[in-house]
Structure formats: structure tokens, C-alpha cells
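The values are calculated or read from the model by the stated rules, or taken from the named source; none is laboratory data. All values derive from a computational prediction rather than experimental measurement. FYI the Cβ positions are ideal-geometry reconstructions off the backbone, even for glycines, and counts take in every protein chain you see.
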Amino acid sequence: MNNTEKLAMRTPSLADENFAALAALFPNAVTETLDENGSVVRAIDKDVLAQEINTHVVEGREERYQFTWPDKRKSLLLANAPIAAALRPCRDESVDFDTTENLYIEGDNLDVLKLLRETYLNRVKMIYIDPPYNTGKDFIYEDDFVEETGEFLRRDGQFDEQGNRLTPNLDSNGRFHTDWLNMIYPRLRVARDLLTDDGVIFISIDDNEEDNLKKVCNEVFGSVNFVACLVWEKKKKGAFLSKHYINMKEYILVYAKNASSFSGLVGELNSDSETYPCIKTTNARGTRTIKAGTTSKYKDKDYVVAKNTRISSGNMELIYLDEAVIKDGILQNDVMIDSNWIYSQPALDGFAKDGLIYITQDLYIRRIVNEERTKMLKDLLSRVGSDGKSLSTYKFDVNLNNGGWGTNEDANDELHKLLGQQYLFDFTKPSRLIAKIIQSVNDPNAIILDFFSGSATTAHAVMQFNAEDGGKRKFIMVQLPEVCAEDSEAAKAGYKTICEIGKERIRRAGVKIKESIQGQQVDTGFRVLKLDSSNMKDVYYTPDEFLTMAQKQQNFFDFMDNIKEDRSDEDLLFQVMLDLGVPLSAKITKNSDVFSVNDNYLIACFKQVDTALITEIAKKKPYYAVFRDSSFSNDSAMVNFEQVFATYSPNTIRRVL
């Protein structure tokens, strides 16, 4: 099987990939050196690199602008380090396992993000997370990130060699913030890679870490990709037990992956027929071209917009550099417009292609969403729509409070109505808050990720929004199966972990949504996957080491099968899908012992195969074909394997376990 490769069955090392990329750009800067153990290791010659990029290289204790904390370097290494792990399917806890495109994943979110990275690289349109706040208090989510004073001071260098404390303030900010930063930093580093080029992340946070979180996001996403710091009024009245003041707000930091590709956030919508400008003024001024063939939904009459026409509206100015001819609601010629722009030309081209850009008689450019006018999302969420205008076709319960965005109290009531228990989960968010954030991204087919999913509010919001506007959004929820405290209301209600709460919420919300839509097709199912160690034995990754050991111990046959005994064929299939970059929501069918994924894109068989079965599979011309190394029924099947595929499907990529 000379042309058949062995699957890696582990995530790649990002450090290796980064080194390879740097070496490709500057091969003369790559060298070798000896580490502290005298071993030869790869290295970068900083002097050569500095010459190549013609800039100064900062090193050592040289002063520079930076945001740092103890163990930051370790958290970066942690983000880049490879892992060998698996996501094992759990049909019993899933809903509509074979047909749903939604995922619920149990496990440490950093490891899960690493596993998702290759498959969902540049595929997630929106991420929303509500990470544990650094409050120093314990609830179902463990969010006390305060270190032991002595441990922090030793690592932070605040003791001298004689053990004398170097700074007098034991309550320095670093001691309280360090662990929280080490938790959030590597997760954001990996999560960024999952976003589409025009994707966006929303992060809920309170006053304790808002400032630090913004610094981290500026480093991970780039300060130029900062979109907004939204303010959410989380309650109708403050807690009178607050030590210093009554806090009624939280923040939602918004960062684009690439500001030049990001098309902005759609906010307040209104069905009034008059035109309204939505091209928001920015500091970027230039010309944009609207292509001929753009269709207008306003066909009252034909008209011509004269060349070099200028009109101002507030601080926005539009200048038509070319004549615009509209006939039967269709733009007859290309039109160049000079103005201030928030949208890039590619984004504008996309709107025009989809029939969303309009030139109207009063010279405004319009972007229509469901034939409603649009404004940019305002920076105070609770005030959007406070004038009573409709926000979208998504109808919220009129009895909910706070002007349409919901409060903590609304969230508690919502969860109570669904699960029949009070106070199962502290500080959950209302689904309408998440739904309006989803609405602002304006993509009915988006993949939406929440890797601190908690009570699964985001999943609830995605399903409800899809039911209301006919969207096909898909969710990926990730949650650590933290054990509910024995004295908690959740434990008393029979929930052992946070994940059990989240999954039950999705089930009940799905039933309620289906009852309300009367036959409309909405995906309210979800596949449950659970993080576990790799399906492969250690011998799979280091065969030489184990072969030597086996020979010495004369136990060679113990190592013939490199797959763990307790793993099913479906377990293997999902690890193979991750390794090959096949979405975990892909359609899976099984005929006897043969799996077909996405209509024969991947065909896998982990039981015995003979030449006849190999031929049958090859004739289906899959893109990938995967078998176990020990699956071949006899020597003849193994010998004929390559020849069969060369005859019937030479382009099929073959892999073995």
C-alpha cells in the first residue's frame, strides 16, 4: 500500500506550522543550536531576521509597549501545543442524531477548540461567549481565579533571593487577574482561527475584567478589528448589597476577524417605505462602484440621477460621479459614488449581487433586509427599538422587560418556565439578547459557536430565530461537564452536571418551538459528542518504541491491534472525520459495516474487508476511503487493494488506521 498514508489522528502543532511558514519566508534566518541538554534544536537567527524585515527586534528586558502577566508565555505554548484526543458520539443523549446539523460537545473547551480547528478553520461566522467572570465567588461555574498569594509572588518575582518581599501590596491586580487571563488567552487564540474572514466574536464581560479582556482581544484579534463595546442593562433595579454602587450593566466586546471584510452590524429595522441611508460615516473616504443590473424593489417610475450630483444628510455626504439610469427598477449602468464608507468594495459587490443595494430617487444608497430599512447597531443595546419600532420579524414576548433585550430576571424566568425549577443556573443570559446579537450579523446560514455554553441559551436563541425568519443557522455548543454542587438547586432537581441542564434545555425548547410553528421545518436536534482520549493506543503514535518493548518482552501480538478495546466503529469514524476535515454535522449512513459520509464523500469500513468489498467501495469513487490496517481479510485483499483503486477510482485518497 505504497500510496496509502496513515492518518495522524492528532491535532497539528501550530508552533511547527508557524516555524515552517517563517522558514518559507526567510530560509536564511533558520538555523540550529544546542538546548540546555546538549540536543540539537531548531532556531531562528534574530539578527538575520532583523536584517530581512529591516526593523528593530526587541529582546530581553528592553522597554516596549506590551500587555503581559505571569505565565503568558506558557499559555501561548498551550494554545499551540498539539493533542491526541477524540470526540465520541453519544446517540442516547442526542436528538435527531442522523439528520441534525447542530452539535453539543462536552469537554474542556480548549481541547475541543483544538480538535475543531482543522475542520472548522475559517467556517464559523459568529462566536458568542459568556466566560466565567472573575468575581472571586463560587457558583456552578467555578469562577474564582484568585491564586494563592505565595505561589503568585514567587512566580511574579516579588521576592528577592533572600525571601524578602519586593513590593508591599499583596492585593496587587496581577495576583487576582493572572489565572483568569491564562484561562481566556489560549482559548481566544484558537477560536480566532475558526472565524470566517468576515466573522465576528461577541464576548460578555463585567467590570472586573473588561479592561484586561479588551487588551487581550487587541492582541489576539488586533486593535484595528475592534468593532464596539456594547452595553447591556442586565437588571431593572440594582442589588442593594453591592459594596460601592448599584451595578446594572454588563458589556459585550465585539471584534471582527478582519475589519476590511466585515460588513458591519445590522441593528434597528423599520418597515417604513421611505429611504434611509445605512452607509455609516467613517474616516475611510473613497469611491465605490455599484454594478449595472442591481434590482430595486421601488418601481414607481423610471428616472435618471444626474452626474456629479451631491447631497448631504447629517454628517454623511454622497456624490454621484457617474449618471445613474434606473429603468423598470433596474440599474442600467455602473455608477461610481464618492463618500465615506463602512463597507468594503467586496462586501458592497456581494450586496449588489444579492439584490440588496438600491439607488433611490432621493439619491440614497439602501441595503434592504426583508424589505425593511436598516441602521447600524447602536452601542447601548437596551435602547435599540425603545421608540417602539419593530426590530425584525423575530417576535419577542411582549411581557418581557427592558425594552426588548431582556434582563437577568427574564433569563431566570425563561429557564424556570422551560425546566420547571427555579435557580438552576446563576447569571444566565436571556435568549432574546443572544437572538438580537445573532440578528445583527445578518447571515441566515451562519455557523454559530458558543464554547462557554452554560445553560445553552445560544442554542435556544438560534433555534427560535430560525423558526421566526426561516433561517438555516447551525449551532456548536461546547461546555465542560462541571459537577453541580451537592447543595445546589440543580443537584436537588436531579442534574449531575451543567451539561445535563444545557441538553435538557435544548430538548424542551425544541419541543416548544416545534409546537409553535405548526409543521414548519426547523432543525431542533443536536448531536452530542464527548471529549475523550484518543481512540488509538500509544503504539499507534510511537510504534518503534513499543515494537522494541514488545520484542524484548516477547509480547508482539499484544500490539497488533492499535485501537483501544472499548471504542466503537462510530467512535473511530468521528475521529477520522476530524482528521480529514469533514464537518461533524455531516450526514452519515451505514450499510452493514460500511459508513458513507456526505453521500460517499468519505467511505469508511473498520471491519474485515475482502477484495469484493474493496471493489464495491472503489466503484463508488469516494473522495476519501479509510480502513483499519488490520481489516484486510487475507493477504490477497491487501495485495489487491492498491490495484483495485487504481483501476476504479485512482483519485480516491486512501488512508489507514
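Computed quantities for the displayed model
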quantity: Unmet criterion (only one of (1) in a helix (DSSP H, G or I); (2) out of contact with any strand residue (DSSP E or B) (no Cβ under 8 Å at 6 or more places or on another chain)) for Asp487; calculated: (1)
quantity: Of all residues making up the stretch 628-657, the number that are under 31 Å from the mean Cα position of the chain (by Cα) and not aliphatic (A, V, I, L, M); calculated: 3
quantity: Flag if Leu76 is part of a helix (DSSP H, G or I), surrounded by 14 or more Cβ atoms within 10 Å (Cβ to Cβ), at pLDDT below 85 and under 19 Å from the mean Cα position of the chain (by Cα); calculated: yes
quantity: Hits in the stretch 432-467 (condition: of a type in the set (D, E, K, R), modelled with pLDDT under 95 and within 22 Å of Glu504 (Cα to Cα)); calculated: Arg432
quantity: Pairs, first surrounded by fewer than 20 Cβ atoms within 10 Å (Cβ to Cβ) in the stretch 571-588, second in a helix (DSSP H, G or I), C-beta under 6 Å, six or more apart; calculated: Gly581/Glu118; Gly581/Thr119
quantity: Any chance Ala284 is at pLDDT 80 or above and of a type in the set (Gly, Ala, Ser); calculated: no
quantity: Residue in the stretch 318-332 that is at pLDDT below 65, in a strand (DSSP E or B) and among the aromatic types (Phe, Trp, Tyr) present; calculated: no
quantity: Check on Asp579, of a type in the set (D, E, K, R), modelled with pLDDT of 90 or more and under 23 Å from Ser533 (Cβ atoms); calculated: yes
quantity: Residues of the stretch 14-37 that turn out to be aliphatic (A, V, I, L, M) and more than 22 Å from Pro82 (Cβ to Cβ), as a count; calculated: 3
quantity: Looking only at the stretch 506-534, and only at residues there that are in contact with a Leu (Cβ under 6 Å, 6 or more places away or on another chain) and of a type in the set (Lys, Arg), the one that is modelled with the highest pLDDT; calculated: Arg527
quantity: Residue match in the stretch 193-207 (condition: assigned to a helix (DSSP H, G or I) and on the phi < 0 side of the Ramachandran plot); calculated: yes
quantity: The stretch 451-489 - residue that is farther than 23 Å from Gly107 by Cβ and of a type in the set (Gly, Ala, Ser) and, of those, surrounded by the fewest Cβ atoms within 10 Å (Cβ to Cβ); calculated: Gly470
quantity: Pair list, Cβ < 8 Å and 6+ apart or interchain, from the stretch 634-657 residues that are assigned by TED's automatic domain parsing to the domain that holds Glu616 and surrounded by fewer than 16 Cβ atoms within 10 Å (Cβ to Cβ) to residues that are part of a helix (DSSP H, G or I) and among the hydrophobic types (A, V, I, L, M, F, W, C); calculated: Thr647/Ala618
quantity: Hey, Pro481 in contact with a helix residue (DSSP H, G or I) (Cβ under 6 Å, 6 or more places away or on another chain), in a loop (DSSP other than H, G, I, E, B) and at pLDDT 85 or above or not; calculated: yes
quantity: Complete set of residues in the stretch 404-418 that are touching a Phe, Trp or Tyr at 6+ places or on another chain (Cβ under 9 Å) and part of a helix (DSSP H, G or I); calculated: Gly404, Asn408, Ala411, Asn412, Leu415, His416
quantity: Flag for Val220 being within 18 Å of the chain's Cα centre (by Cα), at pLDDT 75 or above, over 30 Å from Asp349 (Cα atoms) and not in a strand (DSSP E or B); calculated: no
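Condition check ((1) farther than 26 Å from Arg117 by Cα; (2) assigned to a loop (DSSP other than H, G, I, E, B); (3) modelled with pLDDT of 75 or more) across all residues:
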position	(1), (2), (3)
Phe19	no, no, yes
Asn28	yes, no, no
Thr31	yes, no, yes
Ala50	yes, no, no
Pro82	no, yes, yes
Ala86	no, no, yes
